[in-house]
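The values are calculated or read from the model by the stated rules, or taken from the named source; none is laboratory data. Everything numeric here is computed off the predicted structure, so don't read it as measured data. Ideal geometry is used to build each Cβ from the backbone, glycine not excepted, and the neighbour counts take in all protein chains shown. Just so you know, the surface numbers come from the protein's heavy atoms only, side chains and all, with ligands and any DNA or RNA stripped out. Shrake-Rupley method; radii C 1.70, N 1.55, O 1.52, S 1.80 Å.
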Amino acid sequence: MQPSAVSRAKPCPQARGKRTSWRRTAFVAPFVALLLAAQPALASLDDTPADGPAAPGALQASTFASGLESPWGMEFLPDGRLLVTERAGRLRVISADGREISEAVAGLPRVRHGNHGGLLDVRIDPDFAHNRLVYLSYTKAGRLLLARRSGLTVARARLSEDATRLEQVQVLFRQRPRVAVDENLGGRLAASADGYLFLTVGDRYTVEQRIRAQDPAFHQGKTVRIRTDGSVPADNPFVGRDGALPEIWSLGHRNPQGAFVHPRTGMLWVAEHGPQGGDEVNIVRGGANYGWPIVTFGCEYDTCAPIGEGVSKPGMEAPLAWWGKPGIAPSNLILYTGDQFPEWKGSVFVGALAGRAVWRIELSGDDDAPRMTRREPLFAELGERIRDIRQGPDGGLYLLTDGGEARVIRIARSLQSPATAGGAAH
């Protein structure tokens, strides 16, 4: 689909807030480097349409809700209302028609808000309709001599029946150790139907910190897998290993800010920021090593000096997809399962911050070992940094923009009401 196929149903003012995630890069347009010929396992990255289902036409982009301040994550409730986090430590509830935004929900834990940190993601329990449990990720400051350091934290709480407060707040996970650098945090949550909760943890940016992505004694640069009650599954790959943290599921990640659990395979998928170039989408397997900072398709900021030992190494996993310079700065990603865009069913959508677009990745092959057949940037004409992306109950795409004056954009085939349109949520 070409960008001109999207029309605006309402005026779409750009968010004017400070760019918080990639201040060292000034890339504003998506661009793709050709894959190295020596990487036959990776699909071609030609962005031109290939033979296959036609993309939807006559799409409408409309402002679903506005007036948000530096939001980070969002999640639909079963009744169609939308939870949205703001990094300053506020959780909002948006009505199913987008017309009302609540006051901040009471009872949230205190967060360390600064630089990239604060209240990050929100996820509801798969059985929310019965237990009303929600999960939050956020940065929390240390105490006393560690007050200038922070660590990712995950808490579980019950959302009150009137959705105005959190009750029975319980901390499930604390990153070890706390770190003074508040960049490359990760922070995305994903819940599986069988009771597991995943968290992405970034490397904390500096050269001194990033090497810890290869060390199972540290949470930096990892994905974490716990149960939804906070306990550690006995089959986690590092359980019982001397010097290793048992919550770790995979290692060698830089700054993964996107995650979902595939509904058919139960496997974790992540999107992660590379350095300058080298952004990736990975299918995560327990105990696997995704290479950072030993292997990467990116290079150092400013100088573009090489990092590590090259782009591949035995024993380290290759990404499903990657982007060269300029990077797209991926945020969240989803698997589209709705009915509003049947041509896109089974595609993966990746939000882009620096790229100011949404990338659609078309797949073929088995769910547990798919191959990318093509990809394309969409909605670049909106000119927005996309912080999160979700599939709504109506089967539309909902884009959360970044910045101090942010909004939720609804992408739909028609102007039908989001509260009444049909479609499956994921």
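Observations, loosely collected:
- Coil-residue GluC sites (Glu not before Pro) of the range 154-195, DSSP, other Cβ within 10 Å capped at 12: Glu161
- Ranking Glu69, Glu300 from most to least accessible surface, computed with a 1.4 Å probe over the protein chains only, gives Glu69, Glu300.
- With eigenvalues of the C-alpha gyration tensor scaled by 5 and rooted, the range 80-170, Å: 25, 15, 10
- Rounded Å value of the spacing that divides the Cα centres of the range 159-238 and the range 95-151: 13
- Furthest towards positive pole of dipole, Asn255, Thr223, Pro237, structure part the range 221-271, Cβ charges: Asn255
- P(r) of the range 131-180 over all Cα-Cα pairs, binned every 10 Å from zero, in whole percent: 27, 40, 24, 9
- Heavy atoms of Met316 accessible to a 1.4 Å probe, total area in Å² rounded to 10: 40
- Karplus (6.51, -1.76, 1.60) ³J(HN,Hα), θ = phi - 60°, over the range 281-297, in Hz, Gly and Pro reported as x: 10, 10, 9, 9, 10, x, x, 7, 10, 9, x, 5, x, 6, 10, 6, 8
- Using the 1.4 Å probe convention, the accessible area of the range 159-249 works out to 40 Å² per residue with neighbouring protein chains retained.
- Between the amide H of Gly324 and those of Ala33, Gly278, distances stay under 5 Å, these residues lying 5 or more places away or on another chain, with hydrogens modeled in the peptide plane.
- About its Cα centre, the range 218-319 has a charge dipole of approximately 340 debye under the convention of +1 per Lys or Arg Cβ and -1 per Asp or Glu Cβ, with nothing else charged.
- Potential lengthening between Glu167 and Met267 on full extension [0.36 nm per residue; Cα-Cα distance subtracted]: 32.9 nm
- What the range 90-132 shows is 49 Å² of accessible area per residue, with the surface traced by a 1.4 Å probe over protein heavy atoms.
- A dipole drawn for the range 125-197 from +1 and -1 charges on Cβ atoms has a positive end, and of Ser160, Ala190, Val171 the residue lying farthest that way is Val171.
- Surface share of carbon and sulfur [accessible, 1.4 angstrom probe, percent] for the range 177-292: 49
- 1.4 Å probe accessible area per residue over the range 298-415, in Å²: 29
- Cα centre as origin, Lys/Arg/Asp/Glu Cβ charges: the range 161-288 dipole, Debye: 260
- Sparse packing (at most 15 other Cβ atoms within 10 Å of the Cβ) combined with a DSSP loop state is found for the following trypsin sites (Lys or Arg not before Pro) in the range 73-173: Arg99, Arg110, Arg143, Arg148.
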